[in-house]
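**Q** Here's a structure for you.
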Amino acid sequence: MLSVMRRGANSWVIVLLFAAIIFVFALNFGPWAGNVGGGLSYAADVNGRVITLPEFQAAYSRQFQIIQSYRPGYTNEQAEAEGLKKIVLDQLISKELLANLAREHGLSISDNELAGFIQERLFGEGRPFDRETYRRLIYSNFQTTEAQFEAQLRRDLLAERMADLIATGVNISDGEVKSTFESRSTRVSLEVLRIDSKEKDSKKYAQGLLADLKKGIPMGKLNTKGHEKAVKLLSTGFFKKDSGFIPEVGQNHEMALAAFSLSKENPIGSSVIEGDKAYFLIKLKDREEPDMKKFAEEQDSIKSTLLMMRKKQLMENYVSHLKKQASIKYNEQIAGAEKVES
């Protein structure tokens, strides 16, 4: 272990702490009974640096546990169906690529920084370090040495530092925050005329009804004689733009966008909207504007969320670019046949 941490003394508190960590790993390594690697000794090879099976298994177990905390009863079968193995492996590969990029740019994690991280995360303030317990934990749960474990941790911290550096220039303007608040807070309700698309010349018929609607004829008094079975008048409740769901209609992104462009001065949709087995005409029924008094209370939270989303998208795009330039070999049993080599 690092010399900074070798000055600690034994502590029964630390033994109990590590016992709890060991229990977590033992509990979640259940899915890995059998030949997880399909005979291969690695999970992936990234530019010549091997991501080992124990390294992958530990990351998978942590992710599995996190999901279980949000979704009690989460099973191995669900994880398999959702492709959790491939997701975790992709995360490890992304971290490796970011760590490589950090080294290329001269970034590093000092011994003191690494020691401080281990002390804070594993022991806590005021708790002495027990080297022998630490060594046994690493070997039994990661099947690796102190040096190998610390090298991996150093790579993880390097990747995190590189990610922070890449995202340094990301910003959210006050105008974006206000626009998002207004979008989330504004609500509308509609009158909707649904025309069954099975009706003969249904789109042409819908366009004719729209022309009459624009002339000022109320939606409920449009001429539907002879088409009663194909036409249905609906009244939605209030809904928000970002939900994408319209009461009585369902999911219809085009209609949601059109609905929020309507106003009391311009209440009628400009065109026929196509949906699931039907055509739709819309007319604004009511509109609730946002309470700007609440904006001051929510703007910091909105900005934080938007910033996180933008950083996430930036990082996904950047890592995707790095993967295209890298030499990556995947373990087929983990990633699937379509990702064996890249």
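Where a number appears in this text, it was derived from the coordinates with a stated rule and is not lab data. Note that the structure is a prediction, hence the values are computed from the model and not measured. Cβ sites come from the backbone with ideal geometry, for glycine too, and all protein chains shown count toward neighbours.
**Q** At a Förster distance of 22 Å, what's the computed FRET efficiency of residue 299 paired with residue 167, Cβ-Cβ distance as r, to 0.05?
**A** So, using R0 = 22 Å, E works out to roughly 0.60.
**Q** Output the direction-averaged projected area (hull surface divided by four) of the convex hull of the alpha-carbon atoms of the range 187-289, in nm².
**A** 5.9 nm²
**Q** Which entries of 178/312; 178/323; 178/285; 264/293; 178/215 show an alpha-carbon separation above 31 angstrom in the structure shown?
**A** 178/323; 178/215
**Q** How much length would be gained if the chain were fully extended between residue 288 and residue 140, taking 0.36 nm per residue of separation minus their Cα-Cα distance, in nm to one decimal?
**A** That works out to 47.2 nm of additional length.
**Q** Please arrange 297, 150 by how many other C-beta atoms lie within 10 Å of their C-beta, fewest to most.
**A** Ranked by crowding around the Cβ, least crowded first: 297, 150.
**Q** Let me ask another. Counting Lys and Arg as +1 and Asp and Glu as -1, each charge on the Cβ, what is the dipole of the range 93-155 about the Cα centre in debye, to the nearest 20?
**A** 160 debye
**Q** In nm, what is the difference between 0.36 nm times the number of residues separating residue 317 and residue 186 and their Cα-Cα distance? Kindly include the intermediate steps, with their values, before the conclusion.
**A** Numbers: separation 131, 0.36 × 131 = 47.16 nm, distance 3.16 nm.
Full-extension gain reported as 44.0 nm.
**Q** Here is a follow-up. In nm, to one decimal, how far is the modelled label at residue 240 from the one at residue 179, with both set 7 Å along Cα→Cβ?
**A** Label-label distance for residue 240 and residue 179, simple model: 1.8 nm.
**Q** Mind checking the full-extension length gain between residue 198 and residue 112? Use 0.36 nm per residue of separation minus the Cα-Cα distance, one decimal, nm.
**A** Between residue 198 and residue 112, full extension yields an extra 23.8 nm.
**Q** So, by mean Cβ neighbours within 10 angstrom, what's the order for 96-109, 186-199 with the highest one leading? Could you put the intermediate results ahead of the total?
**A** Details: 96-109: 16.9, 186-199: 19.5.
The peptides rank, most packed first, as 186-199, 96-109.
**Q** Please report, in debye to the nearest 20, how large the charge dipole of the range 187-289 is about its Cα centre when each Lys and Arg carries +1 at its beta carbon and each Asp and Glu carries -1 there. It would help to have the intermediate numbers written out before the result.
**A** On the way: 19 positive and 15 negative charges, 65 e Å.
Dipole size: approximately 320 debye.
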